[in-house]
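The values are calculated or read from the model by the stated rules, or taken from the named source; none is laboratory data. Bear in mind that the values here come from a model prediction, so they are computed numbers and not experimental data. So basically every Cβ, Gly included, is an ideal-geometry build from the backbone, and we count neighbours across all protein chains shown.
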């Protein structure tokens, strides 16, 4: 007999969404988390943007799950009263050399099922956002922002009946008849039998995978830090403003929280360990990037805000990979799902990712 049908490792937004999907399907679930509360790493240190689904290769998991997840997420937020806003965004070309990239994004977005994109001339873009400097822009009306903490709290509330163990780090899993024996550390170490195991440990996913008996083909998780700076005063924009995308990131973009506070980021800084300090000296590089689309950024208007770390499964010189959702067909172990490289658009895609995981168990 198993103590639980499923053990989920990691209480970030993905772990919580999976817990919700599985409990709603009638399975008994335990979520173990090394931190003191849910969502203390990647899930709470990002731009809190609901993405439309235009950046990702057509047919990829990222494209499919982002588009499906966005629709599900807006419905969820409306139904549960989770604070959010469908504010839209402009992706801007600062010079003519970037226009071809915007046109390619528009085509890719249409292929991915994003049917409301519109290419704008410089005049049309400035009519929407007079403070903007650009030679053209791509309007993505379905983009929004969300209170990620309130969203995760609602997911946890929906996972009624699931057990949550915090300060309970995963130590190992041994295969046994009908499932796994899982060893958990912390102040009250324990062993439990579970029918299935989901590794949604984010930044620690590769380390967790290496402690699962019989598992091979484990990618290395690399850390790409993203720094954010806050703006003093109000920004003269109503929509999110993004530059043309860059390798391993979407460029230093302007987003808001739901109170209207503007922030800029993230950049990409490859690091060897988790480090959430923001170096104030990076403000100069941020200001140079921002002034390409907002020349009137006041001097000394940026102050360090926060940083997050993306769980990358490719290095600085490699092309951006797809999500890896490895079920039994990938590794040959029944009842096991490993999630690797769940970075952006993981928050947007979370409900769709949860359905994908549930279908593999």
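General remarks:
- Test: residue in segment 341-360 that is over 16 Å from the mean Cα position of the chain (by Cα) and in a loop (DSSP other than H, G, I, E, B): no
- For segment 189-233, a residue qualifies if it is surrounded by fewer than 22 Cβ atoms within 10 Å (Cβ to Cβ), assigned to a loop (DSSP other than H, G, I, E, B) and within 18 Å of the chain's Cα centre (by Cα), and exactly one does: 221.
- Residues being at positive phi and under 26 Å from the mean Cα position of the chain (by Cα) - total across segment 277-307: 0
- Residues within segment 315-343 that are in contact with a strand residue (DSSP E or B) (Cβ under 8 Å, 6 or more places away or on another chain) and modelled with pLDDT under 95, tallied: 2
- Put simply, of 351, 361, 302 the only residue that is within 18 Å of residue 227 (Cα to Cα) and surrounded by 20 or more Cβ atoms within 10 Å (Cβ to Cβ) is 302.
- Matching entry among 15, 10, 69 (being in contact (Cβ under 8 Å) with a residue 12 or more places away in the chain and either assigned by TED's automatic domain parsing to the domain that holds residue 268 or on the phi > 0 side of the Ramachandran plot (or both)): 10
- Residue match in segment 97-109 (condition: within 18 Å of residue 348 (Cβ to Cβ) and out of contact with any strand residue (DSSP E or B) (no Cβ under 7 Å at 6 or more places or on another chain)): yes
- Tally of residues being outside any helix (DSSP H, G or I) and either outside the structural domain of residue 15 (by TED's automatic domain parsing) or surrounded by fewer than 20 Cβ atoms within 10 Å (Cβ to Cβ) (or both) across segment 147-163: 4
- Selection over segment 172-181 of residues that are surrounded by fewer than 16 Cβ atoms within 10 Å (Cβ to Cβ) and outside any loop (DSSP other than H, G, I, E, B) gives a count of 2.
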